[in-house]
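Here the structure is laid out as structure tokens; the discussion comes afterwards.
The values are calculated or read from the model by the stated rules, or taken from the named source; none is laboratory data. Here the structure is a predicted model, which means the values were calculated and not measured. Cβ placement follows ideal geometry from the backbone for every residue including glycine, while neighbour counts extend to all protein chains displayed.
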Amino acid sequence: MNNSKNTYESPLNSRYASKEMKYIFSPDKKFKTWRKLWIALAETEKELGLNITDEQIAELKAAADDINYDVAEKKEKEVRHDVMAHVHAYGAQCPKAKGIIHLGATSCYVGDNTDIIIMYEALNLIRKKLIKVIENLREFAMKYKDMPTLGFTHFQAAQLTTVGKRASLWLWELIMDLEDLDNQLKKAALLGSKGTTGTQASFLELFDGDHEKVKNLDKLIAKKMGFDKVFPVSGQTYSRKLDYQMLSVLSGIAQSAYKFANDVRLLQHLKEVEEPFEKTQIGSSAMAYKRNPMRSERICSLARYVMVDALNPAITTSTQWFERTLDDSANKRISVPEAFLTVDAILNIYMNVASGMVVYPKVIAQRINSELPFMATENILMDAVKKGGDRQELHERIRRHSMEAGRMVKEEGLPNDLIDRIANDPAFNLSKQEIEKILIPENFIGRANKQVEEFVSEYVDPIIAANKIEDVEVELTV
């Protein structure tokens, strides 16, 4: 049997996440980043006066991307320590630099700094896709900003809104998520070189008690790795609160995506809006006529996983012992990458759905027409009063007509005949034509369309203008 078919593989890897995101969390990316950190450490230690040569650094750079995985894997089986196995493997390729690799550092120097680098790179990819979804929804909101649709509260008929206004609600939540994401990016800081308990004692020994050099070591390494700041204090590891903050941002995006997808699922049931559906797509193995909202359902399914997964770093950070404990390691190896891969998958689907939603105006209009007579009763009442009617008497009459019309709809399955009932009641002194002039849906949307225009102009367009994102190719799996 083919080995790829008799071993568990994460669906995030085989079905959902993008190649770009999968590479960010790949072993190759991790171990190449380890080597970049070792080079940055050696370069900085040389710059600050340690006896490290240009020849040694050149040797490290020459082998940086040529990782001898076979040597590392063999050594790890022997020493049961992944970092030391890779120190050994790197040294085997760089005999002149062997003695200065990882000088003064602890395992978390490469492990934790790499985790931070990878998370922030992944967060920037998430940001790019989030903005692309915002662009797609912006087009949809503006296209349908004037189209009246029945609004719902408690999923019961309420006042009218517009299709575009509803989309602006989805948009606003994504903008809130973008703000949280950007705040997290602004806080970007590397662990730096803190030593076994965060005191930098080993580095203070290397630099003969020179505190300024030890402080500069931290800052210069961070700069070489693309960071402006380091954690001001730490134990051996960076605070696992960072993992919680990262996954909280991802959970927020998942929540917003879930809300959108859930609305689309309900709208597809109402036959008002549908997600994209290919010509050869099969909706059901048994019911050939079905067009299931499977992409929106997948968004909800994946989003639910992220929201639960975000509990992992919350528990992990709260249970760390003093300067270091290892019960975080196995958990974060799974929970952190999977959160990023899952949100990446969610946004891939969100981009696709938001760019291809189909709207059915006649179905929307039909539903409006079935409910609008009830909503228009106050307007009808005011017009009847203007023509000399008694408000209190007419209010009671319209209440009885409404109750009877509603009963006929619910119990007899008949069309809503409220307008005919009012037109045939001489107390109102209104013809059916006069009443129908009141029943123009656009008269009942309030400022919905203007709200969309103002929201897009003031909030959405500035974001898009400031973030020119190239087209993101998304090939959805089954």
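In the stretch 77-101, the residue that is modelled with the highest pLDDT out of those that are under 39 Å from the mean Cα position of the chain (by Cα) and over 16 Å from residue 30 (Cα atoms) is 101. Taken together, the residues in the stretch 229-247 that are touching a strand residue (DSSP E or B) at 6+ places or on another chain (Cβ under 9 Å) and either surrounded by fewer than 20 Cβ atoms within 10 Å (Cβ to Cβ) or in a loop (DSSP other than H, G, I, E, B) (or both) amount to 3.
When the residues of the stretch 294-322 are filtered to those that are under 30 Å from residue 274 (Cβ atoms) and either touching a Gly at 6+ places or on another chain (Cβ under 9 Å) or hydrophobic (A, V, I, L, M, F, W, C) (or both), which remaining residue is surrounded by the most Cβ atoms within 10 Å (Cβ to Cβ)? My answer is 299.
The residue pairs whose first member lies in the stretch 303-315 and is over 14 Å from residue 342 (Cβ atoms), whose second member is assigned to a helix (DSSP H, G or I) and among the hydroxyl-bearing types (Ser, Thr, Tyr), and whose beta carbons are closer than 6 Å, counting only pairs six or more residues apart or on different chains, are 313/244; 314/244. What tally of residues in the stretch 1-18 results from selecting those that are surrounded by fewer than 19 Cβ atoms within 10 Å (Cβ to Cβ) and assigned to a helix (DSSP H, G or I)? Residues in the stretch 1-18 being surrounded by fewer than 19 Cβ atoms within 10 Å (Cβ to Cβ) and assigned to a helix (DSSP H, G or I): 7 in total.
Residues of the stretch 380-392 that are of a type in the set (Lys, Arg) and either touching a Ser or Thr at 6+ places or on another chain (Cβ under 9 Å) or outside any helix (DSSP H, G or I) (or both): 387 alone.
So that you can scan it fast, the table gives a plain yes or no per residue for (1) under 14 Å from the mean Cα position of the chain (by Cα); (2) of a type in the set (Lys, Arg); (3) buried (at least 22 other Cβ atoms within 10 Å of the Cβ):
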residue: 115; (1), (2), (3): no, no, yes
residue: 124; (1), (2), (3): yes, no, no
residue: 127; (1), (2), (3): yes, yes, no
residue: 130; (1), (2), (3): yes, no, yes
residue: 148; (1), (2), (3): no, no, yes
residue: 154; (1), (2), (3): no, no, no
residue: 157; (1), (2), (3): no, no, no
residue: 163; (1), (2), (3): no, no, yes
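Just so you know, in the stretch 365-392 the residues that are more than 43 Å from the chain's Cα centre (by Cα), of a type in the set (A, V, I, L, M) and buried (at least 18 other Cβ atoms within 10 Å of the Cβ) include one that is nearest to residue 442 (Cα to Cα), and it is 380. Can you find, within the stretch 67-106, the residue that is farthest from residue 35 (Cα to Cα) among those that are touching a helix residue (DSSP H, G or I) at 6+ places or on another chain (Cβ under 7 Å) and surrounded by fewer than 17 Cβ atoms within 10 Å (Cβ to Cβ)? Looking at the filtered set, the residue picked out is 79.
Among the helices (runs of 4 or more DSSP H) contained in the stretch 19-64, which hold 1 or more residues that are more than 41 Å from the chain's Cα centre (by Cα) and not assigned by TED's automatic domain parsing to the domain that holds residue 122?
On the way: elements: 19-24, 27-47, 54-62.
Qualifying helices (runs of 4 or more DSSP H): 27-47, 54-62.
Does residue 30 qualify as being on the phi < 0 side of the Ramachandran plot and either in contact with a Phe, Trp or Tyr (Cβ under 6 Å, 6 or more places away or on another chain) or surrounded by fewer than 15 Cβ atoms within 10 Å (Cβ to Cβ) (or both)?
Values: on the phi < 0 side of the Ramachandran plot: yes; either in contact with a Phe, Trp or Tyr (Cβ under 6 Å, 6 or more places away or on another chain) or surrounded by fewer than 15 Cβ atoms within 10 Å (Cβ to Cβ) (or both): no.
For residue 30, the condition - on the phi < 0 side of the Ramachandran plot and either in contact with a Phe, Trp or Tyr (Cβ under 6 Å, 6 or more places away or on another chain) or surrounded by fewer than 15 Cβ atoms within 10 Å (Cβ to Cβ) (or both) - is not met.
Out of 435, 422, 469, I need the residue that is of a type in the set (A, V, I, L, M, F, W, C), more than 30 Å from residue 136 (Cβ to Cβ) and modelled with pLDDT under 90. Which one?
On the way: 422 fails: modelled with pLDDT under 90; 469 fails: more than 30 Å from residue 136 (Cβ to Cβ).
Only one candidate passes the filter, namely 435.
Restricting attention to the stretch 323-360 and to residues that are within 17 Å of residue 15 (Cα to Cα) and of a type in the set (Ser, Thr, Tyr), the residue that is surrounded by the fewest Cβ atoms within 10 Å (Cβ to Cβ) turns out to be 342.
Within the stretch 393-426, being exposed (fewer than 14 other Cβ atoms within 10 Å of the Cβ), of a type outside the set (S, T, N, Q) and not in a helix (DSSP H, G or I) holds for 413, 414, 415, 426.
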